[in-house]
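Here the structure is laid out as structure tokens; the discussion comes afterwards.
Coordinate-derived values only; no laboratory data. Everything numeric in this text was worked out from a predicted model, so none of it was measured.
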Amino acid sequence: MWEQFRRFSALDRSAQNVFLRALVLLPLVTLSLRWRGFRATQASLNLLLSIARPESSADIGSNDAVVAARMVSAADRHGLVHPSCLAKSLTLWWLLARQGIPAQLRIGIRKEAEKFEAHAWVEYGGAALNELDEPHRHYAAFDAALSSLPMQER
């Protein structure tokens with residue numbers, strides 16, 4: 001436990017904030033997906049983005065996106081629930097949108113042993129952020145991203 005606290009303390013303040021937000025948001029998104037479904041959960045997250053003051057940074061870059069993906073992964077490992085790829089991807093997408101980072105939520109499908117399977121991931125600049133082993137490459141992604149930064153639509 002002390003090792004985990006030491007590692008958390010070594011993070012810069014913005015990474016700590018993203019980790020703590022992910023730690024809280026992951027179980028909430030997981031429950032919302034289970035009880036309310038994808039569209040209602042997505043709508044709620046969009047609403048939160050529209051009323052929340054976006055964290056603006058003049059120096060937003062791919063490093064911020066990678067750090068956010070790492071923090072969501074860490075929150076998944078150390079949290080109380082271990083959510084689906086969709087819950088993790090929605091959480092990451094929302095955290096990136098809060099920072100003004102234009103990421104896209106992608107969902108793909110495949111047929112494996114006569115069963116359809118689905119997978120979700122987040123892309124930024126055409127690269128999957130939350131996919132270390134690139135399992136998304138084994139799925140046929142829908143042509144359009146299901147969600148991009150809603151602030152572009154306002």
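Quick look at the values:
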read-out	value
Stokes-Einstein translational diffusion, the range 27-127 - Kirkwood Rh over all Cα pairs, 1.567 mPa s, 4 °C, in µm²/s	89 µm²/s
Gain on full stretching of the segment that runs from residue 117 to residue 7 - 0.36 nm per residue minus C-alpha separation	36.0 nm
Other-chain or far-sequence residues with amide H under 5 Å of residue 130's (modelled H)	122
